[in-house]
Amino acid sequence: MDLFNRTDLQELIEATGELYISLYMPTHPIGWEQQQNPTRLKNLLTRVKKDLSEYGLRRPDIEELLRPAEELLVDPDFWQHQSEGLAVFLSNDFSRTYRLPAKFEELVIIANNFHIKPLLPLLSTEGKFYILAINLNGIRLFLATRDTINEIELTGLRASMEEALWMDEPEKHLDLHISGSSTGKGRAGGRPAVFHGHSIRDEDKTNILRFFHYFDQELSVWLKDKSILMIPAGVDYLLPLYREANTYNNLLEETLIGAPEKLTIKELHKQAWQLIEPIFKEQQRRAIEQFNELNGQQSDLVTSDLNTAVKAAKFGQVGTLFVPLGIQKWGRYDPENNNVLQEPEPAPENEDLLDFAAIHTLLNSGQVYAMQPEELPGDGDLAAILRYAV
């Protein structure tokens with residue numbers, strides 16, 4: 001699984017080229033259906049070739065443009081490591097591929113910018129959360145949504161207590177046997193410390209806190225997006241100690257108490273979602289309620305007009321944006337005249353204006369809610385709460 005954050009978004013926005021191709025498709029990470037993944041991509045590329053040919057591109061130019069994606073078709077290792085969705089971005093001398101925890105619908109967009117709206121649930125903090133599974137033998141981190149959960153490889157982090165304290169002071173490292181957890185002798189042998197409930201020796205507590213401080217410091221540097229809510233999971237005697245060391249601002253008070261290593265990933269995800277779903281629903285409910293209240297007052301701080309929202313987003317005026325998934329509104333923004341031109345059909349010189357508004361809202365630290373069309377507040381193509389009146 002790959003991560004997609006605002007740095008990646010910025011890279012896609014700043015990519016240069018004449019044509020921008022965005023491909024989205026669902027993938028199967030395991031099972032016999034996994035064999036369908038390259039076939040699905042091949043079919044999408046066939047569609048792209050047909051469209052590019054109709055736009056007047058020569059066959060050699062089409063082949064060169066699509067070469068990075070074509071190479072994936074014959075890369076068996078790539079297809080062995082999939083998540084729930086695949087996003088491929090191609091332009092002149094630029095290509096990026098992301099295996100992401102999102103169930104995309106099949107989509108091909110050829111425009112004058114990359115199409116990122118299907119990525120909004122991943123870019124927005126809404127709908128996305130971490131699960132931190134705390135275990136002295138190895139802390140694990142998961143990134144989850146309502147429908148997906150994927151473990152994040154903690155490359156370079158000292159995620160186990162033995163490793164952390166051995167690297168710190170090898171001559172003083174502590175051997176541990178944790179009741180109810182996996183067992184194993186340390187490098188130096190000696191009497192194990194057995195923890196039952198809250199019965200932890202002061203020396204053991206000190207070493208556990210040292211480990212948690214090490215891990216927290218390294219995690220704070222390693223994590224790029226610190227706006228995502230995090231649910232801690234662990235046995236009751238470790239959670240208070242971890243909170244004492246923690247500096248992650250969005251670590252929730254809600255916790256999963258118990259040994260996370262005894263749960264399947266599916267069980268861990270189910271229990272975590274039961275805790276996080278009410279929080280997410282409340283955040284979105286409050287945002288919609290704020291829009292409806294201001295809209296009812298005919299306030300200048302809300303708009304459902306596409307042209308107005310596009311221009312406001314460009315200049316950082318949109319604080320909260322609601323956009324519908326699965327719908328495109330074609331056109332382009334004219335920066336010289338600060339004007340929005342709407343078009344009935346897609347074309348290489350056009351882009352999805354809903355996508356444009358979402359991108360610039362995110363780039364200006366706004367919140368974007370990507371939702372089903374029937375859930376959209378107001379009576380327009382989108383809905384926006386402005387930081388100040390246009």
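Just so you know, all these numbers are worked out from the coordinates, no wet-lab data involved. Since the structure is predicted, the reported quantities are computational estimates derived from the model, not experimental observations. Neighbour counts are summed over all protein chains in view; Cβ atoms, including those assigned to glycine, are modelled from backbone coordinates with ideal geometry.
In table form, for the structure just shown:
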quantity	calculated
Under the Debye formula (equal points on every Cα, no solvent term), log10 I(q)/I(0) of region 13-165 at q = 0.10, 0.13, 0.14, 0.19 Å⁻¹	-0.45, -0.70, -0.78, -1.18
Region 287-390 - Rg and Dmax from Cα coordinates, angstrom	12.8, 40
Cα-derived Rg over Rh, computed across region 245-303 with Rh taken as Kirkwood radius	1.23
Cβ-defined net charge surrounding residue 330, 9 Å radius [Lys, Arg +1; Asp, Glu -1]	-2
Overall Cα dimensions of the chain, principal axis frame, Å, largest first	75, 57, 34
For region 33-110, average projected area of the Cα convex hull in nm²	5.2
Cα extents of region 333-377 along the three principal axes, largest first (Å)	30, 25, 18
Gyration tensor verdict on region 198-325 (Cα atoms; rounded if a/c is under 1.5, prolate if a/b is larger than b/c, oblate otherwise)	prolate
Length added when fully stretched, residue 204-residue 217, from 0.36 nm per residue minus Cα-Cα	2.7 nm
Along each principal axis, Cα extent of region 10-56, largest first, Å	39, 30, 10
Cα gyration tensor category, rounded, prolate or oblate, for region 291-346 with a/c compared to 1.5	oblate
Share, in percent, of DSSP beta bridges within the chain that are antiparallel, nearest 5	75
From the C-alpha gyration tensor of region 46-86, square roots of 5λ in Å	26, 12, 6
Stretch in the chain that is longest and holds no chymotrypsin sites (Phe, Trp or Tyr not before Pro) that DSSP places in a loop and that have at most 14 other beta carbons within 10 Å	56-314
Separation of alpha-carbon centers, region 1-56 and region 279-323, rounded to whole Å	31
Within the chain, longest stretch free of exposed GluC sites (Glu not before Pro) [DSSP loop, at most 13 other beta carbons within 10 Å]	154-252
Projected label distance in nm at residue 236 and residue 327, using a 7 Å step from Cα toward the beta-carbon	5.0
Helical contribution to [θ] at 222 nm, DSSP H n ≥ 4, -39,500 (n - 2.57), averaged over the chain, rounded to 500	-11000 deg cm²/dmol
